[in-house]
Amino acid sequence: MRGLHCFRPSERLHTSAHYERVKKHGRRRRLRHCVVNILTNGLAYHRLGLVVSKRVGNSVRRNRIKRLLREWFRLHKQHIPLPGKDIVIVAYPGAEALSLEALTDELLAVSHIQNEHNS
């Protein structure tokens, strides 16, 4: 059961090519504090990529929002329908002030996105 709530290296997007592919071919969902891009990846698991620019704040604030977004993914990835998806979240200024609960409420609609027609 412990394995369900881990955030493994294989569940991260590592290269800029992966980020670009999701941005170019994925579905975009604009939320109040972020934009979420989602693309089916053909794998049996989901992968997460985060973009938090310096406009969001200093390094402490940027790292905090990244921690919160990774925690959201870790706790909710099993609720995102298969097939596997690449998810890129771009945080906007103001996101660093959110709590995990507020962030979860904002991302709930996105986590239930059904199969999109992009491959």
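Beyond 20 Å, what percent of the Cα pairs of the chain remain?
38
Using just the Cα positions, wrap region 26-89 in a convex hull and report its mean projected area in square nanometres, one decimal place.
On the way: hull surface 17.9 nm².
With the hull built on Cα positions only, its mean projection is 4.5 nm².
Read the figures in this text as sums done on the coordinates, not as results from a lab. From a predicted model like this one, the values you see are computed outputs, not experimental measurements.
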